[in-house]
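The values are calculated or read from the model by the stated rules, or taken from the named source; none is laboratory data. All of these numbers come straight from a predicted model, not from anything done at the bench. Note: ideal-geometry Cβ built from the backbone for every residue, glycine included; neighbour counts use all protein chains shown.
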Amino acid sequence: MIPLKDNIPTENIPVLTIALIVMNVLMFFFFQDPDLSLSGATVDNDNVIDYGAIPYEITHPGDQCDLPGQPADVACSDGGGGPATWLTLLTSMFMHGGILHIAGNMLFLWIFGNNIEDAMGRIKFILFYIGGGLAATFLQVLIDTNSTVPSIGASGAVAAVLGAYAILYPRARVVTLIIIIVFITVIELPALLVLGLWFLMQLYYGSSELTQPVAGGGVAYWAHIGGFLFGLALVKLLARRENPNYGSYNPRPGIY
């Protein structure tokens with residue numbers, strides 16, 4: 001299930017949403033220097049270790065992790081020459097593991113972020129976005145405090161945007177691509193259904209990993225959950241503007 005667009009035009013140009021997308025793309029292609037191949041982009045593991053958010057470093061202040069051998073062989077020790085841990089909390093939000101990773105995050109950010117920026121205003125939106133990313137990271141750390149697997153990606157911050165959208169615009173219509181094995185269609189669905197199903201999937205897979213951890217890392221489902229809950233909890237405190245376009249469309253679903 002892949003959302004393609006919603007039906008709520010913004011009243012203002014989403015300057016910060018666009019800027020965040022540009023920053024993420026620039027970080028991926030120029031800072032992470034991906035190896036673009038037919039099998040997909042791969043990023044430098046040393047770069048990810050240095051600037052990703054590593055739970056062990058966060059829960060052990062002063063310790064640094066590095067990559068002396070293979071990608072799975074992360075070693076942590078007291079001290080080191082890497083960036084400060086607080087800096088990795090920010091840099092990790094603008095790094096991604098591959099083309100599909102960044103493409104998916106930026107698609108969700110564009111579809112849902114522009115309306116949240118419109119509702120909050122630019123200053124509150126950027127604070128909300130960063131706060132959502134931090135909340136996402138801290139919940140992921142809480143789940144596995146000694147993990148040496150770096151977390152990277154805008155997913156947590158984008159999840160906060162999704163939580164906010166689910167509260168503000170539950171009846172908005174989202175044009176969604178549905179793929180079930182060989183069956184492919186495009187259908188218009190309520191935003192609450194699309195985002196609710198997405199959140200339930202994160203809960204399911206996140207809970208599954210608690211009993212059967214994935215060796216060497218994987219998707220940070222609890223970061224998604226933390227970001228989404230942050231968005232649900234704080235959106236009403238920050239969003240003051242009402243979008244007059246909301247609710248002005250025919251609520252009947254359409255199949256394309």
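The lone criterion from (1) out of contact with any Leu (no Cβ under 7 Å at 6 or more places or on another chain); (2) exposed (fewer than 13 other Cβ atoms within 10 Å of the Cβ) left unmet by residue 6 is number (2). Return a yes/no flag: does the stretch 159-182 have any residue that is under 19 Å from the mean Cα position of the chain (by Cα), under 22 Å from residue 99 (Cβ atoms), crowded, with 24+ Cβ neighbours inside 10 Å and not small (Gly, Ala, Ser). Yes, that holds for at least one residue. The set of residues in the stretch 1-51 being under 17 Å from residue 126 (Cβ atoms) and in a loop (DSSP other than H, G, I, E, B) consists of 10, 12, 13, 14.
Each row is one residue, and each column tells you yes or no for (1) among the charged types (D, E, K, R); (2) in contact with a His (Cβ under 9 Å, 6 or more places away or on another chain); (3) not in a loop (DSSP other than H, G, I, E, B).
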| position | (1), (2), (3) |
| --- | --- |
| 170 | no, no, no |
| 184 | no, no, yes |
| 188 | yes, no, yes |
| 193 | no, no, yes |
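The listed residues are 199, 138, 228, and the only one of them that is under 21 Å from residue 58 (Cα atoms), under 20 Å from the mean Cα position of the chain (by Cα), surrounded by 11 or more Cβ atoms within 10 Å (Cβ to Cβ) and at pLDDT 95 or above turns out to be 138.
Condition (residue is touching a strand residue (DSSP E or B) at 6+ places or on another chain (Cβ under 7 Å), under 17 Å from residue 225 (Cβ atoms) and part of a helix (DSSP H, G or I)) applied to the stretch 141-148: is it met by at least one residue? Explain how you work it out, then say what you get.
Filtering the stretch 141-148 down to residues touching a strand residue (DSSP E or B) at 6+ places or on another chain (Cβ under 7 Å) leaves 148.
Still in the running and under 17 Å from residue 225 (Cβ atoms): none.
No; the residues of the stretch 141-148 include none that is touching a strand residue (DSSP E or B) at 6+ places or on another chain (Cβ under 7 Å), under 17 Å from residue 225 (Cβ atoms) and part of a helix (DSSP H, G or I).
In the condition set (1) buried (at least 17 other Cβ atoms within 10 Å of the Cβ); (2) modelled with pLDDT of 95 or more; (3) under 24 Å from residue 50 (Cα atoms); (4) of a type outside the set (Ser, Thr, Tyr), residue 143 is compliant with all but (2).
Quick check on the stretch 88-135: of everything there that is within 10 Å of the chain's Cα centre (by Cα) and either surrounded by fewer than 23 Cβ atoms within 10 Å (Cβ to Cβ) or of a type in the set (Asp, Glu) (or both), which residue is nearest to residue 165 (Cα to Cα)? The qualifying residue nearest to residue 165 (Cα to Cα) is 108.
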